[in-house]
Each structure stands twice: as structure tokens, then as C-alpha cells.
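Visitor: My questions will all concern the structure given below.
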Amino acid sequence: TDARRNPKPALTTVSNLYRGDLYRTRKKPWPLVSVVVCAYNGEATLDQCLQSLTELDYPSFEVIVVDDGSRDRTYEIAGKYPTVRRIQVPNGGLSAARNLGIEAARGEVVAFIDSDAYADPDWLYYVVSAMDEHGAAAVGGPNLSPLHDGFTAQCIDESPGNPTCVLIDNERAEHIPGCNMAFRKDAFNAVGLFDAEHR
């Protein structure tokens with residue numbers, strides 16, 4: 001037979017695997033992820049944050065913006081995105097805002113990103129994959145400053161206290177950085193929500 005007309009099935013399968021994307025190789029459905037963005041007077045950066053979330057290459061997610069008593073256009077900016085759910089409350093602090101986001105979340109996983117940050121298109125893929133790989137209830141990652149963000153941002157990126165400074169090894173850290181963290185929602189049922197005393 002002509003091998004060009006009758007390729008071996010195994011080779012075709014392997015070839016298709018390497019042409020696939022990150023999401024097609026998972027054997028079970030991807031969980032719904034609720035992305036919570038807490039903002040207080042975030043008009044200068046929120047639009048860029050939300051634009052990055054529209055570019056996430058993840059099959060099942062929702063975005064919730066908690067406007068924590070802003071006195072600027074934060075709530076209005078979030079309204080430019082029709083798929084974003086908005087919650088507006090008097091200022092109660094970051095922990096209280098995060099708790100409202102958790103309570104509103106429909107997802108199995110609740111991910112947090114700061115309103116002055118923006119996400120890589122594959123951010124949620126790596127969050128969910130790390131949870132699965134380690135059987136973890138919570139994961140977090142670094143806060144990297146892109147080179148075009150300027151001198152001040154680069155200084156902050158190199159300063160002590162950045163999430164990369166608390167690494168114990170390549171995958172474990174002393175704590176999960178708040179700017180980029182995710183939790184299985186049922187973990188909050190076991191340990192409780194954020195302590196609202198910490199504003």
C-alpha cells in the first residue's frame with residue numbers, strides 16, 4: 001500500500017497531540033473559575049486589568065469586580081465589560097471585599113488578581129493545573145513586572161517582599177501572594193473566610 005495515502009494511526013495520533021492546544025489534552029472538564037478583582041479607587045489601572053481578563057484562553061470562567069467604596073470611576077469602568085459582574089459596597093477593606101467576591105463566586109475555584117495587575121492569557125490554565133498536580137487547596141504565583149512598565153515598577157519588582165522572595169523552593173513558598181492567588185471554594189468552608197479586621 002501507499003504509505004502516503006494510508007498513514008499509520010499511531011503516528012497520526014501523536015502528530016495531532018503535538019498540534020493540540022493546552023486545553024484539549026485534559027481528560028475531565030475544566031472547572032469553572034471565578035476571577036475576583038477587588039478595587040479601591042482603581043480607575044488608573046482597572047481597564048488594563050479587565051482587558052487582560054477578556055484575553056484569557058481558558059474555557060470556563062467568570063469575572064467579578066468588587067468596588068470597595070471607590071470615589072472615582074472604578075464602578076463605571078467595570079461596567080464597560082458586559083460579562084463582568086459588579087458589586088459596589090461602602091469601603092470595608094480588602095479582606096471584606098475578597099469575602100464578598102467569594103460569596104458571589106459560582107466557580108469551583110476562586111482566583112484573585114489585583115486591579116493594578118494584568119493576567120497572562122494562560123494564567124488560569126497554570127492555576128488549575130498546579131492545583132490538580134499537587135492536590136492543593138490553594139496556589140499562587142509571582143508578580144512579574146514586564147520590562148515596558150518602567151523604572152519604578154522594575155525597582156518594586158526587585159525589592160524585598162515580592163512573592164519571589166518568599167520561595168522555599170521552586171514550587172513552595174512561605175505564603176501565597178495576594179496579588180495572584182487561587183483557592184478551591186470548598187476550602188473556605190473548612191477554614192473560614194479572610195479576616196475582615198485586616199483591611
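Visitor: When you go through 72, 120, 68 one by one, which is the residue that is over 24 Å from residue 199 (Cβ atoms) and either at pLDDT below 95 or surrounded by 15 or more Cβ atoms within 10 Å (Cβ to Cβ) (or both)?
Guide: On the way: 72 fails: over 24 Å from residue 199 (Cβ atoms); 68 fails: over 24 Å from residue 199 (Cβ atoms).
Step by step, each of 72, 120, 68 is checked, and only 120 is over 24 Å from residue 199 (Cβ atoms) and either at pLDDT below 95 or surrounded by 15 or more Cβ atoms within 10 Å (Cβ to Cβ) (or both).
Visitor: Looking at this structure, is residue 81 surrounded by fewer than 19 Cβ atoms within 10 Å (Cβ to Cβ), part of a loop (DSSP other than H, G, I, E, B), over 15 Å from the mean Cα position of the chain (by Cα) and of a type outside the set (D, E, K, R)?
Guide: Working: surrounded by fewer than 19 Cβ atoms within 10 Å (Cβ to Cβ): yes; part of a loop (DSSP other than H, G, I, E, B): yes; over 15 Å from the mean Cα position of the chain (by Cα): yes; of a type outside the set (D, E, K, R): yes.
Yes: the conditions hold for residue 81.
Visitor: Any idea which of 105, 97 is open to solvent by less than 50 Å² (accessible area, probe 1.4 Å) and either at pLDDT below 95 or in contact with a Lys or Arg (Cβ under 7 Å, 6 or more places away or on another chain) (or both)? Before you say what the answer is, go through the steps one by one.
Guide: Values: 97 fails: either at pLDDT below 95 or in contact with a Lys or Arg (Cβ under 7 Å, 6 or more places away or on another chain) (or both).
Just a single option satisfies the conditions, and that option is 105.
Visitor: Which one of 29, 90, 59 is touching a Gly at 6+ places or on another chain (Cβ under 7 Å) and open to solvent by 60 Å² or more (accessible area, probe 1.4 Å)? Give the steps one after another, and end with the answer.
Guide: Details: 29 fails: touching a Gly at 6+ places or on another chain (Cβ under 7 Å); 59 fails: touching a Gly at 6+ places or on another chain (Cβ under 7 Å).
Just one listed residue meets the conditions, 90.
Visitor: Are there any pairs, at least 6 apart or on different chains, whose C-beta atoms fall under 7 Å, with the first in region 17-31 and under 18 Å from residue 126 (Cβ atoms) and the second modelled with pLDDT under 75 and surrounded by 10 or more Cβ atoms within 10 Å (Cβ to Cβ), and if so, which?
Guide: 30/23
Visitor: Return the residue satisfying two criteria in turn: it lies in region 168-199 and is assigned to a loop (DSSP other than H, G, I, E, B) and among the β-branched types (Val, Ile, Thr), and of such residues it is modelled with the highest pLDDT. Step through it out loud before you land on a result.
Guide: Pass one, region 168-199, residues assigned to a loop (DSSP other than H, G, I, E, B): 168-172, 174-179, 192-199.
Right, trim to among the β-branched types (Val, Ile, Thr) and you get 168, 176.
Details: 168: 62, 176: 72.
If we take residues in region 168-199 being assigned to a loop (DSSP other than H, G, I, E, B) and among the β-branched types (Val, Ile, Thr), then 176 is modelled with the highest pLDDT.
Visitor: Same structure again: List, please: which pairs have Cβ atoms under 9 Å, are six or more places apart or on different chains, and start with a residue in region 32-43 that is on the phi > 0 side of the Ramachandran plot and end with one that is assigned to a loop (DSSP other than H, G, I, E, B)?
Guide: Pairs that qualify, where the first residue is on the phi > 0 side of the Ramachandran plot and the partner is assigned to a loop (DSSP other than H, G, I, E, B), are 41/69; 41/70; 41/71; 41/72.
The values are calculated or read from the model by the stated rules, or taken from the named source; none is laboratory data. Bear in mind the structure is a predicted one, so any value in this text is a computation, not a measurement. Ideal geometry is used to build each Cβ from the backbone, glycine not excepted, and the neighbour counts take in all protein chains shown. For the accessible areas, the whole protein counts, side chains as well, though only heavy atoms, and no ligand, DNA or RNA atoms are used. Shrake-Rupley method; radii C 1.70, N 1.55, O 1.52, S 1.80 Å.
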